[in-house]
């Protein structure tokens, strides 16, 4: 416990340094409805700050306010990357929000361990949420220890999104299902003058998906879970083998040059305009492409990350977005009201369509999905394991170390053994080895 507290304190200090002592914008002091005739102001902070996300969340919160005139949900957003550190600073301060969006997995566990969240078990039981939220999502995304904390609003699947016209023009007419087939397709694309894989790792996290799937398809989900928990080493042969395999792709010229100079939307654009054929990305890319006028199933499609080692369980990868209530919330009844509104089938369907996401609620009709998202839904349903991506599968301090390692690797893959040793040193600090 002392070690956990020390790590939390150190990371909050890091957050202050990184954010320049600027926290996520706090809402004005809440109004009390009783006796005043004014609506209770509910402070809500989220990281859906891109154009599509901000517009969709604003519409949802406006709908809630219209349906619940006694409560006013205040819409505050922060940049996706800044939010990761700024929310921890805000929670450590004197004016935390009532509710905030968060990524399910180790990041939520980290805040739960810090005593900053309120459990929602009574809400869960009173509304029979076990009949609405699938057991797998409830167990992996909503439950931490013995309690429920998070209401999921959407989840994503990470796959190989590609340009069908570019693939066909290069003669790749059969989608690869094995590693050898993927390598053959990459060589074919390269021979046709097309870069096989676009990657925009400017913000580090897009590179994690390559590490994740290479690990899941070789060492397997159980080993990866142990690595994420600090029970395996970054210098293990399993990790070395993953980095060597990844390096072989870079050495072969299969990635765009200077990947760290681009962000994920740049990589999406490179695939859309034919500079590259494939990008490994989450289903949110469909929302981006749809917004740019691309037609699902015609201008873009996807295939699952191929198998590598026989006998390894089939794992799907991706994040789950949700909302949590702070332990310090002064308006728990109103906050619970909003959490339940977020589970309304129409709200979940609207959010899924706006975000290029899959809806966690069993009450949402799968007919809402386009042809590409329907296939993604089937992939998740057929997977033996649903794994959170790297920076959600391990603690925030460890995620920083790993994401830095991925960025170093994309700059110069030849030094991966040194990068892994440095990352293992971070793990020893974080997990107290």
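The table for this structure:
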{"quantity": "Criterion (touching a helix residue (DSSP H, G or I) at 6+ places or on another chain (Cβ under 6 Å) and either assigned to a helix (DSSP H, G or I) or in the same structural domain as residue 307 (by TED's automatic domain parsing) (or both)) met by exactly one of 280, 249", "calculated": "280"}
{"quantity": "Every residue from region 353-370 that is surrounded by fewer than 19 Cβ atoms within 10 Å (Cβ to Cβ), assigned to a loop (DSSP other than H, G, I, E, B) and without any contact (Cβ under 8 Å) to a residue 40 or more places away in the chain", "calculated": "365"}
{"quantity": "Output for region 23-57, where each listed residue is part of a loop (DSSP other than H, G, I, E, B), modelled with pLDDT under 85 and within 30 Å of residue 287 (Cα to Cα)", "calculated": "23, 24, 25, 26, 27, 50"}
{"quantity": "Among (1) part of a helix (DSSP H, G or I); (2) at positive phi, the one test that residue 230 misses", "calculated": "(1)"}
{"quantity": "Test: residue in region 80-95 that is outside any helix (DSSP H, G or I), surrounded by fewer than 20 Cβ atoms within 10 Å (Cβ to Cβ) and either touching a strand residue (DSSP E or B) at 6+ places or on another chain (Cβ under 7 Å) or free of Cβ contacts under 8 Å to residues at least 12 places away in the same chain (or both)", "calculated": "yes"}
{"quantity": "Residue among 314, 273, 299, 292 that is closer than 28 Å to residue 219 by Cβ and either more than 20 Å from the chain's Cα centre (by Cα) or surrounded by fewer than 17 Cβ atoms within 10 Å (Cβ to Cβ) (or both)", "calculated": "314"}
{"quantity": "Count of residues meeting criterion [over 30 Å from residue 174 (Cα atoms) and assigned to a loop (DSSP other than H, G, I, E, B)] in region 304-349", "calculated": "8"}
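This table checks each residue for (1) touching a residue at least 24 places away in the same chain (Cβ under 8 Å); (2) not in a helix (DSSP H, G or I); (3) not assigned by TED's automatic domain parsing to the domain that holds residue 284.
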residue: 372; (1), (2), (3): yes, no, yes
residue: 381; (1), (2), (3): no, no, yes
residue: 398; (1), (2), (3): yes, no, no
residue: 406; (1), (2), (3): yes, no, no
residue: 410; (1), (2), (3): yes, no, no
residue: 414; (1), (2), (3): yes, no, no
residue: 420; (1), (2), (3): yes, no, no
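The values are calculated or read from the model by the stated rules, or taken from the named source; none is laboratory data. Here the structure is a predicted model, which means the values were calculated and not measured. Here Cβ is always computed from backbone atoms with ideal geometry, including for glycine, and neighbour counts include all displayed protein chains.
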